Amino acid sequence: MSNSVIQRELTALVHEKDYFQFLRHQRILITGATGLIGSMFIKLLILANETHDLDLSVIGHVRSHEKAKTILSSSGWFIRIY
């Protein structure tokens, strides 16, 4: 699946309804952030944060910092890796 298809689907989901309002001002920890589901969920949350101005903090727990840089940093979002 290409990145444009994924981006289009995530954007449609974020704009569909106000599903994300209950997350306003929350800090969310995602384990397995470099896996398929974890990385998609992080991308969805970041897009929802940008779209609805939710003031979210998304923290992804990973085993491999190098894999996290490859998967998550390519999105252009601010990623801090410890």
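Checking A12 against (1) on the phi < 0 side of the Ramachandran plot; (2) at pLDDT 90 or above, only one condition comes out false. Which one? Against the list (1) on the phi < 0 side of the Ramachandran plot; (2) at pLDDT 90 or above, A12 comes up short only on (2).
Can you confirm whether region 20-28 contains a residue that is in contact with a strand residue (DSSP E or B) (Cβ under 6 Å, 6 or more places away or on another chain) and outside any loop (DSSP other than H, G, I, E, B)? Within region 20-28, one or more residues are in contact with a strand residue (DSSP E or B) (Cβ under 6 Å, 6 or more places away or on another chain) and outside any loop (DSSP other than H, G, I, E, B).
Scanning region 1-19 for residues that are assigned to a helix (DSSP H, G or I) and out of contact with any Phe, Trp or Tyr (no Cβ under 9 Å at 6 or more places or on another chain) yields N3, S4, V5, I6, Q7, R8, E9, L10, T11, A12, H15, E16. Cβ-Cβ contacts under 8 Å between residues 6 or more apart (or on different chains), taken from a first residue in region 24-38 that is within 9 Å of I59 (Cα to Cα) to a second residue that is of a type in the set (S, T, N, Q), are listed as R27/S57; I28/S57; A33/S39.
Considering every residue within region 32-52, establish whether at least one is in contact with a strand residue (DSSP E or B) (Cβ under 9 Å, 6 or more places away or on another chain) and at positive phi. Checking region 32-52: at least one residue is in contact with a strand residue (DSSP E or B) (Cβ under 9 Å, 6 or more places away or on another chain) and at positive phi.
Residues that are of a type in the set (K, R) and assigned to a helix (DSSP H, G or I) were ranked within region 37-74; the one that is nearest to V5 (Cα to Cα) is K43. Restricting to region 4-32, name every residue that is exposed (fewer than 10 other Cβ atoms within 10 Å of the Cβ) and more than 17 Å from H52 (Cα to Cα). Result: S4, V5. Only a single item in (1) loosely packed, with under 11 Cβ neighbours inside 10 Å; (2) under 10 Å from the mean Cα position of the chain (by Cα); (3) of a type outside the set (G, A, S) is not met by L36, and it is number (2).
The values are calculated or read from the model by the stated rules, or taken from the named source; none is laboratory data. Bear in mind the structure is a predicted one, so any value in this text is a computation, not a measurement. Heads up, the Cβs are rebuilt from the backbone with ideal geometry, glycines too, and the neighbour counts pull from every protein chain shown.
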